[in-house]
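S.K.: Please read through the structure below; I'll follow up with questions.
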Amino acid sequence: MEKKNLDWKNLGFAYIQTDKRYVSNYKDGKWDDGALIDDPNIVMNECAGVLQYAQTVFEGMKAYTTEDGHIVTFRPDLNASRMVDSAKRLEMPVFPEERFVDAVVQTVKANAAYVPPYGSGATLYIRPYMFGINPVIGVKPADEYQFRVFTTPVGPYFKGGVKPITICVSDFDRAAPHGTGHIKAGLNYAMSLHAIVTAHANGFDENMYLDSATRTKVEETGGANFLFVTKDNKIVTPHSTTILPSITRRSLMYVAEHYLGLEVEERDVYFDEVKDFAECGLCGTAAVISPVGKVVNHGEEICFPSGMEKMGPTIQKLYDTLTGIQMGHIEAPEGWLKVIE
């Protein structure tokens, strides 16, 4: 298929409308067959559940052109499973996992001309999401829902090369114990907006959230999990029931253990021990790993030995290995790459 005439190497991380999107509606207790449509606009009642009580969940993933020319997406089965968990927590109907993967495949195929060519550094971002669409004025779950998937081509997260970022310990809480921090709900991201705007206004790139119960343990940022490297090269990631289970983080931990032969550990990470780590990174779909050079806690600076100029050596190996798997340079574990065409 002939690619669209876009300036692939200079794309930003912003929405560009593509040709098709997938839509399925839930009504009278069941999902319809779903279809690809042309119209990017959504028509709903002014009293729709999503507008009144934020009943919406979503996922984020990417499609890539591999070195051998195939279009693939990365571990969509895990996105499907995570959306099931999110939907259940917000009393929404489950969209079947096999249909989720099929909807993603259909949408990417229909927009194959927008999948950036290999070597451009760009990818096709995929956004599956679901929301309550019928009028709801009392505080209760909606009765009708819409599941949709759209795509948009995006540029590399790091333009001009990877530079370690500076983050601050936030005074705000990201998630409450027994709350919704472990699911991908729109409401979690809404409540993080003031905190990230505040961090940016104070000259920081991101927030480090601590657990809201004791404010002694590292949780995550507004949109990424933490990954630390000890001075003896062990990979450590925080464990918490209020952390979103990042697919990228889980993949990196597997890569660390099975490809790089490193010891890995998921456990409580106390803020007091952050100063003892050699490297720190934030992991998620957008950037894979963003290296952290400095953490600031109300004027007190923690500077990692890896420095502010480039990724630390272990995080660089993790990044290179996972992106190599995604782009087809390195053989992937079975089931990690879903070939679309």
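The values are calculated or read from the model by the stated rules, or taken from the named source; none is laboratory data. Everything numeric in this text was worked out from a predicted model, so none of it was measured. The protein model used for the area step is the full one, side chains on, heavy atoms only, and it has no ligands, DNA or RNA in it. Shrake-Rupley method; radii C 1.70, N 1.55, O 1.52, S 1.80 Å.
S.K.: In 10 Å bins starting at 0, how do the alpha-carbon pair distances of segment 55-210 split up by percent?
M.R.: 10, 29, 32, 24, 5, 0
S.K.: Counting pairs of Cα atoms in segment 181-243, how many percent are more than 15 Å apart? It would help to have the intermediate numbers written out before the result.
M.R.: On the way: 1125 of 1953 pairs.
Everything past 15 Å amounts to 58 percent.
S.K.: Over segment 1-85, what is the mean sequence separation of C-alpha contacts under 8 Å (at least six apart), divided by residue count, expressed as relative contact order in percent?
M.R.: So the answer I get is 15 percent.
S.K.: So which aspartates and glutamates can Lys338 reach, going by Cα to Cα under 19 Å and dropping same-chain residues fewer than 8 places off?
M.R.: Straight-distance partners of Lys338: Glu59, Glu67, Asp68, Asp77, Glu97, Glu98, Asp102.
S.K.: Taking the radius of gyration and the Kirkwood hydrodynamic radius from Cα positions alone, what is the Rg/Rh ratio for segment 8-75, to two decimal places?
M.R.: Rg/Rh for segment 8-75 comes to 1.04.
S.K.: Setting aside same-chain residues fewer than 8 positions from Lys234, which aspartates and glutamates have a Cα under 13 Å from its Cα?
M.R.: The qualifying aspartates and glutamates are Glu257, Glu263, Glu265, Glu266, Asp276, Glu279.
S.K.: Sticking with this structure for a sec: Over the alpha-carbon set of the chain, divide Rg by the Kirkwood Rh and report the Rg/Rh ratio to two decimals.
M.R.: 0.96
S.K.: With an 8 Å cut-off on Cα pairs and a minimum separation of 6 or more residues, tell me the relative contact order of the chain in percent.
M.R.: On the way: 736 pairs, mean separation 65.5, N = 341.
Relative contact order here is 19 percent.
S.K.: Computed on alpha carbon atoms, what radius of gyration and Dmax characterise segment 223-328, expressed in Å?
M.R.: Final numbers for Rg and Dmax: 13.1, 44 Å.
S.K.: On to the next question. Within the accessible area of segment 266-341, what % is carbon and sulfur when the probe is 1.4 Å and the other protein chains stay in place?
M.R.: Here it works out to 48 percent.
S.K.: Tell me whether segment 1-138 comes out rounded, prolate or oblate; compute the Cα gyration tensor, take square roots of the eigenvalues as a ≥ b ≥ c, and use a/c under 1.5 as the rounded threshold.
M.R.: Judged from the Cα gyration tensor, segment 1-138 comes out prolate (a/c at least 1.5, a/b above b/c).
S.K.: Continuing with this model, one more query. To check my understanding: the extent here is largest minus smallest coordinate of the Cα atoms along each principal axis. What are those three numbers for segment 138-201, in Å, largest first?
M.R.: Principal extents (largest minus smallest coordinate, Cα): 47, 35, 20 Å.
S.K.: Have a look at Gly328, Gly284, Gly203 and tell me which one the Gaussian network model of the chain (Cα, springs below 10 Å) gives the largest fluctuation.
M.R.: It is Gly203.
S.K.: Using a 10 angstrom cutoff on alpha carbons, build the Gaussian network for the chain and name the most mobile of Gly324, Gly29, Gly121.
M.R.: Fluctuation is largest for Gly29.
S.K.: Same structure, new question: Could you identify which residue out of Leu187, Leu227, Leu322 has the top mean-square fluctuation in a GNM of the chain using Cα springs shorter than 10 Å?
M.R.: Most flexible of the set in this elastic network: Leu187.
S.K.: Which of the pairs Lys62/Lys88; Lys217/Lys317; Lys30/Lys88 have their Cα atoms more than 18 Å apart in this structure?
M.R.: Beyond 18 Å: Lys62/Lys88; Lys217/Lys317.
S.K.: What percentages make up the Cα-Cα pair-distance distribution of segment 131-241 when the bins are 10 Å wide from 0?
M.R.: So the P(r) values, bin by bin, are 11, 31, 33, 20, 5, 1.
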